[in-house]
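First up is the structure itself, then whatever we jot down about it.
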Amino acid sequence: MRENVVWYFVPSCNPDGYEHSRNEYRMWRKTRSGPRSGSWGRQCYGVDPNRNWNYMWGGEGTSTDPCSDIYHGEKAFSEPETLSMSNYISKNSNSIKAYFSFHAYGQYFLYPWGYASGVHHPDEAAMDSLAHNAHDALQAVYGTTYLIGPSGTLLYPAAGGSDDWAKSIGTKYAYTVEGRDTGRYGFMLPANQIEPSGIETYEAMKVVGKQIADEF
């Protein structure tokens, strides 16, 4: 993976939200900005960071209610987490050829467009081909299977996603990967599945690295 390819890893793009999930509410998904006045007169915290990116921001699959888990924020890049990430990616956009956003759960390899159902990017064939090749390597390890396709059509529309934004600024390959499992444990994946999930995903990313090295 290391030869001729530089990899950038961000273990958590939402550190405050992650800390809150560890100490207060296990299923917390948003940032921790606020509070803001929301539905039923409640004061609510946070923005869904994967609906806060500046491509088709505020569209389908988002909410204007600050108390919703899919609240898109007051404006695109309202959150320091998404703003800082986007600034770094933009600064290095000429050299970044692939972008992956890893999520749980469902076992999907998803690519743009995700802002609506039934919309297709001109690069869809290339993104689909690499996704299938990476999936074949992943599946060969333990037999795990993923579904592959444009996220807005295969899963559901969610405007303002990071992969759509990355693709919109010219990144050749942009994906959201929804990891194990398909719903039995969901967000509470047993610890004994963490290592095998990482091992099989590593095999997929080796294929991606080779594609980037060969193509660019």
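A few notes on this one:
- Pairs exceeding 22 Å between alpha-carbon atoms, taken from LYS30/LYS75; LYS30/LYS97; LYS30/LYS91: LYS30/LYS97; LYS30/LYS91.
- Length gained when the stretch ASP123-GLN193 is fully extended (0.36 nm per residue, less Cα-Cα span): 21.9 nm
- Helical content alone sets the calculated 222 nm signal of the chain at -10500 deg cm²/dmol, taking -39,500 (n - 2.57) per DSSP H segment of four or more residues and averaging over every residue.
- Local electrostatic count at TYR146 - Lys and Arg +1, Asp and Glu -1, tallied over other residues with Cβ under 12 Å: -3
- When the GluC sites (Glu not before Pro) in region 1-33 are filtered for DSSP coil states and for at most 10 other beta-carbon atoms within 10 Å of their beta-carbon, the remaining sites are GLU3, GLU24.
- Here the relative contact order of the chain, from alpha carbon pairs under 8 Å that lie six or more residues apart, stands at 24 percent.
- Where the alpha-carbon atoms of region 32-181 are placed on the principal axes, they occupy 51, 34, 27 Å, in descending order.
- Judged by a Cβ-Cβ distance under 4.7 Å, the unpaired cysteines of the chain are CYS13.
- Residue order by solvent-accessible surface for LYS75, LYS97 is LYS75, LYS97, largest first, with ligands and nucleic acids left out and a 1.4 Å probe.
- Region 184-216 residues near the modelled ASP136 label - backbone nitrogen below 14 Å, point 7 Å along Cα→Cβ: 204, 207-208, 211
The values are calculated or read from the model by the stated rules, or taken from the named source; none is laboratory data. Just so you know, these numbers come straight off a predicted model, no measurement behind them. All Cβ positions, glycine included, derive from the backbone under ideal geometry; neighbour counts span all protein chains shown. For accessibility, only protein heavy atoms count, side chains too; no ligands or nucleic acids. Shrake-Rupley method; radii C 1.70, N 1.55, O 1.52, S 1.80 Å.
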